[in-house]
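**Student:** Would you mind keeping the following structure in view while I ask a few things?
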Amino acid sequence: MSISNQRKVRSMIRQPFVAGRFYPAQPDALEREVRACLRGAPPRREEHTLLAMAPHAGYVYSGRVAGLTLAQANLSDNLLLLCPNHTGLGASLAVWDKGRWITPTCVMDVDEPLARALLEAEPRLASDAMAHQREHSLEVLLPFLGQVKPGFRGVPLCVAERSLAALSRAAAAMAGVLRALPGGASLVVSSDMSHFENAERAKSLDFMALEAVLRLDPAGLHEVVRAEGITMCGVLPMTLGLMIALELGAKRAELAAYANSGEVTGDFSSVVGYAGVLVS
């Protein structure tokens with residue numbers, strides 16, 4: 001194999017970037033922690049989950065909300081995974097379209113046929129690994145998905161596109177692909193809520209955003225986050241996710257869990273908010 005082909009093969013394998021920081025690097029310890037976060041969650045919903053939003057901080061802070069949310073989700077075999085872009089690297093709608101993602105407890109094979117169909121349907125999407133290489137927000141959810149959906153495959157999409165019109169057009173094109181899949185599709189959106197507000201103000205701001213989410217109003221979510229300066233890092237992927245879910249027939253959204261980092265640290269003067277939402 002040529003050196004260029006060896007590099008190409010390696011580039012299709014995403015190695016863990018935040019293992020040992022956001023979650024345990026040792027498989028046994030990671031599995032114990034994920035199981036603890038899932039323990040005591042309500043039963044899996046009977047209705048098909050079109051979209052699940054879960055947070056992506058260190059497990060000590062947000063793991064319980066992520067676990068309570070994803071344990072209840074009744075996810076399709078066809079997963080589209082949407083995350084924000086914290087690094088500023090790569091394309092504004094960046095698809096990792098080949099290979100696999102590795103974590104200490106599970107491996108996600110990329111659903112290459114679905115990725116290819118999405119790229120063909122929507123020219124704004126770009127095949128781009130750069131946006132994902134150092135982006136933690138999907139990686140931290142994969143060990144949970146490995147527990148609740150063993151053997152899952154997915155298509156990672158990093159969203160930095162700010163134009164509501166562009167997101168709407170992309171949503172319509174992507175929904176056309178997802179709608180045609182046997183067994184339907186589910187979206188998993190990675191987002192934290194307000195950052196570094198006192199707990200009372202964080203909750204007030206967060207529920208302004210969540211009220212728009214719960215009434216299935218992506219434009220309203222996009223606008224209230226902008227107008228109120230809400231530091232919800234996943235507002236763009238959640239806006240796009242809600243648009244796609246509505247195209248797929250979403251009827252209702254429910255808050256699965258809410259918490260903030262002060263409940264762990266004891267410092268409520270500066271917290272990060274975490275919410276879990278299920279859309280069906």
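**Student:** Find out how many positive minus negative residues lie around Leu178, taking Lys and Arg as positive, Asp and Glu as negative, among other residues whose Cβ is under 13 Å from that of Leu178.
**Tutor:** Values: positive: Arg179; negative: Asp77, Asp111, Glu122, Glu247.
Combined, the nearby Lys, Arg, Asp and Glu give -3.
**Student:** Under a 5 Å amide H to amide H cut-off, with H placed in plane at 1.01 Å, what residues pair with Val272 once short-range neighbours are removed?
**Tutor:** Phe196, Ser261, Gly262
**Student:** Oh, and also: Please give the charge dipole size of segment 185-266, origin at the Cα centre, charges +1 on K and R Cβ atoms and -1 on D and E Cβ atoms. Round to the nearest 20 debye. Let's see the in-between values first.
**Tutor:** Values: 6 positive and 11 negative charges, 36 e Å.
It comes to approximately 180 debye.
**Student:** Return a whole-number percent for the relative contact order of segment 3-279, with Cα pairs under 8 Å and 6 or more residues apart as the contact set.
**Tutor:** Contact order relative to length: 25 percent.
**Student:** Here's another thing I want to ask about it. Under a plain spin-label model, where a point goes 7 Å from the Cα along Cα-to-Cβ, how far apart in nm are Asn198 and Leu181?
**Tutor:** It works out to 4.5 nm between the two label points.
**Student:** Another question, if that's okay. What's the magnitude of the charge dipole for segment 43-162 around its Cα centre, counting Lys and Arg as +1 and Asp and Glu as -1 at the beta-carbon? Answer in Debye, nearest 20. Please list the in-between numbers first.
**Tutor:** Working: 11 positive and 13 negative charges, 65 e Å.
Computed charge dipole of segment 43-162: roughly 320 debye.
**Student:** Give the long-range amide H neighbours of Gly234: residues separated by 5 or more places, or on another chain, with amide H under 5 Å away, using H modelled in the peptide plane at 1.01 Å from N.
**Tutor:** It is Asp192, by chain and number.
**Student:** Additional query: Neighbour counts of other C-beta atoms within 10 Å: give me Cys106, Cys83 arranged from fewest to most.
**Tutor:** Cys106, Cys83
**Student:** At 0.36 nm per residue, and after removing the present C-alpha to C-alpha distance, how many nm does the segment from Arg44 to Arg162 gain when stretched out fully?
**Tutor:** That pair, Arg44 and Arg162, stretches by 39.1 nm at full extension.
**Student:** Still on this structure, I have one more. Could you run the Karplus curve 6.51 cos²θ - 1.76 cosθ + 1.60 with θ = phi - 60° over segment 263-278 and give me ³J(HN,Hα) per residue in whole Hz, x for Gly and Pro?
**Tutor:** 5, 9, 7, x, 9, 9, 7, 8, 10, 10, x, 9, 9, x, 10, 10
**Student:** So, one more: Take the Cα of Arg32, step 7 Å along the line toward its Cβ, and report every residue of segment 136-162 whose backbone nitrogen sits under 19 Å from that point.
**Tutor:** 143-144, 147
**Student:** Here's another thing I want to ask about it. Given Cβ point charges of +1 (Lys, Arg) and -1 (Asp, Glu) and nothing else, what value in debye, to the nearest 20, does the dipole of the chain about its Cα centre take?
**Tutor:** 600
**Student:** Let me ask another. How many angstrom lie between the Cα centre of segment 114-141 and the Cα centre of segment 51-79?
**Tutor:** After rounding, the separation between the Cα centres reads 19 Å.
**Student:** Based on other C-beta atoms within 10 Å, arrange Ile244, Ile230, Ile102, Ile13 from fewest to most.
**Tutor:** Ile13, Ile102, Ile230, Ile244
**Student:** Identify which of Ala71, Ala173, Ala209 has the largest mean-square fluctuation in a Gaussian network model of the chain, with springs joining Cα atoms closer than 10 Å.
**Tutor:** Largest GNM mean-square fluctuation: Ala173.
**Student:** If you plug each phi of segment 53-60 into the Karplus form 6.51 cos²θ - 1.76 cosθ + 1.60 with θ = phi - 60°, what whole-Hz ³J(HN,Hα) values come out, in order, with x for Gly and Pro?
**Tutor:** 9, 9, x, 9, 7, x, 4, 4
**Student:** Oh, and also: Hey, what do the phi angles of segment 122-128 turn into as Karplus ³J(HN,Hα) couplings, whole Hz, using 6.51/-1.76/1.60 and θ = phi - 60°, x for Gly and Pro?
**Tutor:** Result, ordered by residue: 9, x, 6, 6, 10, 6, 7 Hz.
**Student:** Once Lys and Arg get +1 and Asp and Glu get -1 on their Cβ, which of Val272, Met12, Met53 lies farthest toward the positive end of the dipole of segment 3-279?
**Tutor:** About the Cα centre, the residue reaching furthest to the positive side is Met12.
Since every read-out is calculated from the coordinates, none of them should be taken as a lab result. Just so we're clear, the structure is a prediction, and the values are computed from it rather than from any experiment. Cβ atoms come from the backbone with ideal geometry, glycine included; neighbour counts cover every protein chain shown.
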